[in-house]
Structure formats: C-alpha cells, structure tokens
1. Filter the stretch 1-29 down to the residues that are among the acidic types (D, E) and assigned to a helix (DSSP H, G or I) and list them by number.
2. Residues in the stretch 339-375 that are aliphatic (A, V, I, L, M) and either in a helix (DSSP H, G or I) or closer than 16 Å to H268 by Cβ (or both): how many?
3. If you take the residues of the stretch 383-402 that are modelled with pLDDT under 95 and not in a loop (DSSP other than H, G, I, E, B), which of them is surrounded by the most Cβ atoms within 10 Å (Cβ to Cβ)?
4. I'm trying to understand the selection: among the residues of the stretch 254-271, which are open to solvent by less than 10 Å² (accessible area, probe 1.4 Å) and out of contact with any helix residue (DSSP H, G or I) (no Cβ under 7 Å at 6 or more places or on another chain)?
5. Pairs needed: first member in the stretch 124-147, within 16 Å of H331 (Cα to Cα); second member anywhere, surrounded by fewer than 19 Cβ atoms within 10 Å (Cβ to Cβ) and of a type outside the set (A, V, I, L, M, F, W, C); C-beta distance under 8 Å; at least 6 residues apart or different chains.
6. Among the residues that make up the stretch 310-317, is at least one of them among the hydroxyl-bearing types (S, T, Y), surrounded by fewer than 22 Cβ atoms within 10 Å (Cβ to Cβ) and over 18 Å from P220 (Cα atoms)?
7. Go through the stretch 336-363 and report how many residues are within 24 Å of S289 (Cβ to Cβ) and surrounded by fewer than 21 Cβ atoms within 10 Å (Cβ to Cβ).
8. Going through the stretch 30-64 one residue at a time, which ones are under 18 Å from V117 (Cα atoms), modelled with pLDDT of 95 or more, assigned to a loop (DSSP other than H, G, I, E, B) and open to solvent by 10 Å² or more (accessible area, probe 1.4 Å)?
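The values are calculated or read from the model by the stated rules, or taken from the named source; none is laboratory data. This is a predicted model, so every value here is computed, not measured. Cβ atoms come from the backbone with ideal geometry, glycine included; neighbour counts cover every protein chain shown. Quick note on the areas: whole protein, heavy atoms, side chains included, nothing else; ligands and nucleic acids left out. Shrake-Rupley method; radii C 1.70, N 1.55, O 1.52, S 1.80 Å.
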Amino acid sequence: MNDLIKILQGIVGAGQVLTHDDPATDLSAWEQDWRKRATGRALAVVRPGRTAEVAAVVKACAAAGVSIVPQGGNTGLVVGSVPDDSGSQVVLSLTRMNAVRAIDGDNLTMTVEAGCVLQVLQEQAEKAGYLFPLSLAAEGSCTIGGNLATNAGGTQVVRYGNARELCLGLEVVTAQGEVWNGLSGLRKDNTGYDLRDLFVGSEGTLGVITAATMKLYPLPAAQLTAWAAVPSLEAAVQLLGLAHRHLGAGLTGFEVMGQFALSLVAQHFPQQRVPLWADHPYCVLLENSDSESEDHARGQFERLLETAFESGVVSDAVVAESLQQAHALWHIRESIPLAQAEEGLNIKHDISIPVSKIPAFCAETDALLQREVAGVRLVNFGHLGDGNLHYNVQAPEGIDPATFLREQEERVNHLVFDQVARFDGSISAEHGVGSLKVDTLPQYKDPVALALMKSLKRALDPQNILNPGRVLN
C-alpha cells in the first residue's frame, strides 16, 4: 500500500494525500458520517484539484485493486460517502474542484465542478441575474456532485424537479479512469442511451461525477411565503390542489409540518416564534414565485387563501410581509431536523407516497406504530407538494433514545416500509440507499429492476472498486 500512496502523492501532490501515518492529521471529517452513525478508517484521503487528477487516481487504485469512496460535502443521511472500517479504502474528496467554469445566459446554463458548494452555486447564479432553484437544508456545505450522485430533492421539487431534472450534462470519470465529457448543455440529444441518467442517483457506484451543466431560470419578480394552519392532512392535500389551480407554475414550495415536529422547534429553539402550531394538527408552508410583480403575487395568495378559508381547508394563515419574515418561516421548517437531534437519536424515514394516498398512509401507519410501540412519538414533516415525507420516529418520553434506536429500529423500519409498499411508495425518496438501506432494498425493489441494476454495475465497474457495498451488495 505504501507504493500506492507514493503514486497518489505523485498525482495530486504530497500535501493532498492525508493518511493516519501523521499523528497530527485528523481524518474524522472524512471518516464519520454527518449523523455520526458510522465511523470508518481510510487508507488515505485524496484531494484532487482537476479532472485529469481524478482519472489518474482512479486508474492507480484500479491497478492496485483498491476501492474508492467518492465524497463531496459528506452531508448524506444514509452512510453512503464514508469508508468502511477496514483501513483499505481511499476516500476521494472532490471539494477542491469547486470552480464555476461557465455561465451561458443565452442557453440558461451553468457549468460547475463537482465540489462547488450548493449555496455558492446559487449565489453565483443570482449575481449573474439568474435563479438556480435547487435548495435544501445542507446547502451551505453540500456539493453539487453529491447532490447529483444522490439525486437530491429539497424544497422546490414541486416546481423544478429533483437534481436530475436540473441537470443537462455531466463530466464523469469511469471505473477504468477514463473521462466522459457530456457537458454539452443540450436540451435535446437523442443519439442513443442517456448516460447522464445512469450516473445521476447512482451514489458514486458507477462513476465519479467531476462536473455538471445545470439549468438556470430567470429570477422571479417577486417571491412570497405564506404559513397556513390546516385541520388535517386531507385538508393539506386539498390546499395543495387549490394552490396548483390558483398559482400554477408560481407554486415553488409546499411543505407540511406536524404539530409534534413544530413543538420540538418551539421547545429547543424558543428564540424562533413558531406561528399557529399549538392549536392545529398540521401547518403548511407555501411559496409563490411570481414573474410579474409583488402585487400580483400577493393578489394570487389572497384569492387562494380566501377560497381555502371558505371551503374549510385552512383554519388560520399568515403571509410574510417582508423577506426577513419569509426567511424566518423557512428557518422554522429547516430547524425541525436540528430540533429532533436535540431531542435525541431517532429513526428516520425518507419516503415517498402518491400525494392522494398520504392521508390514509399516515392515519394507518400512525395507528400501527402506536399499537406496536406504545408511547412512540411521530415527527412527520416534509415536501407534500411532491409526495416526500420525512416520517421519523422518536422514542417515547422517558426512554433512552440510544436504547430505543438499538432495540426498535429494525422492527419499526419493517413496519413502516411494509406500509410504504402497500401504498405504492418508495422507501427512499431523496436521501438515497447508501449502506443503511442496502440490505433492505431487495425486499422492496422490483426483482427485474434489481437484476438490471446489478447488470449495469457489473458492466461499468467489473472490479467493484467504486463505493462497494452501497446501493447494491
């Protein structure tokens, strides 16, 4: 292995290959996942600065039979970007490759390297007069390469789609160390298989994404946010339908938050003023992005809420009067996972259900879990606009969270995932499979689909050196 380390140092520079040989070097930032559920041990952390170096590193590792774990901001939630504990894997950190290569205003595209932090990408697009709409809680540290590798979702999927829908082209290093340049930025290209879609969502198991060409949009003339209390999930789904009819393409965000989820924010972050939660089972956060004017957007919101009040779909509502108020409302929504962490370890589920079936799914599954695990507390929130719920399970009061997780996680997962399958849903909506769900996937994935996935893996990575043990076993 010392020979490989020397080769890697020759490719990227000695200072960009970090190992445990230096006792002053702390590799924990690369070896521990964001939720602190797993800690591995890397042979080395390699930090290339350009695509040619990535290709050379992959070639060297392939020749040595050493597996590679591609890593961006390491903000994933399914333990998909940290090494195992063997001490034999190379972590390929792409954070040094963070350049915005080009902005093409006429083509409404932006070509960026994989290590570009999402928030930086958003800011650079806005500086140039455009909108890059991908938005999620980790945007200050996650990278676009990781977003694409996991097909990240976020809060604006209802209008703009997942990361996949925002991507027009990729640059990818294959498992053999070859470079595929597919950064054309074309919206139409029917010259064979769509290779881009093979790599988006593959979690680094088929190739290493090094750059991407992403879609841009005109900046909206106005963006308004409303917070509405609803009497039930059925009412929230009805409000979504009204929002589609009244706002059309202007509906860019539709989030639902359960009462207990909001109570955790109120309890652990009392400086945040959480509106309307105490007297209502659910609250909804809506965003309207208007191409005309703020007056037009506000008029649309007023007509929507008036109709919703008259039909009993909304019990109470507030419309943000300033950008600061809008940010405060979104901050409440984004604080739910942090408040959960303050409350203690919990069992997380990132699931998708057809929107029309969500009320019935939650009613049945809530009752099932309460019956099977007495006193369990359900933290239900998420992107109702696209059918993605973060249906999380907190330990009963007075029960040690770590003990609850250790003793109940497998059972609770089985109960929830069986319900997800019964309602024609998916056990992973936007977080991916990683290693946490790799053994569970075969129980819920169509066997023909699973066989096709395995065939692709064998064809593109016959040595199984790219992120082994993730997505597929």
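1. Taking the stretch 1-29 first, the residues among the acidic types (D, E) are 3, 21-22, 26.
Within the stretch 1-29, just D3 meets the criteria.
2. Pass one, the stretch 339-375, residues aliphatic (A, V, I, L, M): 339, 341, 345, 347, 351, 353, 355, 358, 360, 363, 367-369, 373-374.
Those still in the list that are either in a helix (DSSP H, G or I) or closer than 16 Å to H268 by Cβ (or both) too: 339, 341, 345, 355, 358, 360, 363, 367-369.
Total meeting the criteria: 10.
3. Looking at the filtered set, the residue picked out is P401.
4. Within the stretch 254-271, the first condition is being open to solvent by less than 10 Å² (accessible area, probe 1.4 Å), and the residues that meet it are 254-258, 261-262, 264-265.
Correct list: G258, L262.
5. Matching pairs, first to second residue: S135/Q122; A137/E334; E139/Q119; E139/Q122; G140/Q119.
6. Within the stretch 310-317, the first condition is being among the hydroxyl-bearing types (S, T, Y), and the residues that meet it are 311, 315.
Filter again for surrounded by fewer than 22 Cβ atoms within 10 Å (Cβ to Cβ), leaving 311, 315.
Of the ones still in play, those that are also over 18 Å from P220 (Cα atoms) are 311, 315.
Checking the stretch 310-317: at least one residue is among the hydroxyl-bearing types (S, T, Y), surrounded by fewer than 22 Cβ atoms within 10 Å (Cβ to Cβ) and over 18 Å from P220 (Cα atoms).
7. Counting residues in the stretch 336-363 that are within 24 Å of S289 (Cβ to Cβ) and surrounded by fewer than 21 Cβ atoms within 10 Å (Cβ to Cβ) gives 1.
8. We begin by selecting, within the stretch 30-64, every residue under 18 Å from V117 (Cα atoms); these are 30, 33-34, 47-51.
Filter again for modelled with pLDDT of 95 or more, leaving 30, 47-51.
Retained after the next criterion (residues that are assigned to a loop (DSSP other than H, G, I, E, B)): 47-50.
Hits for the stretch 30-64 are R47, G49, R50.
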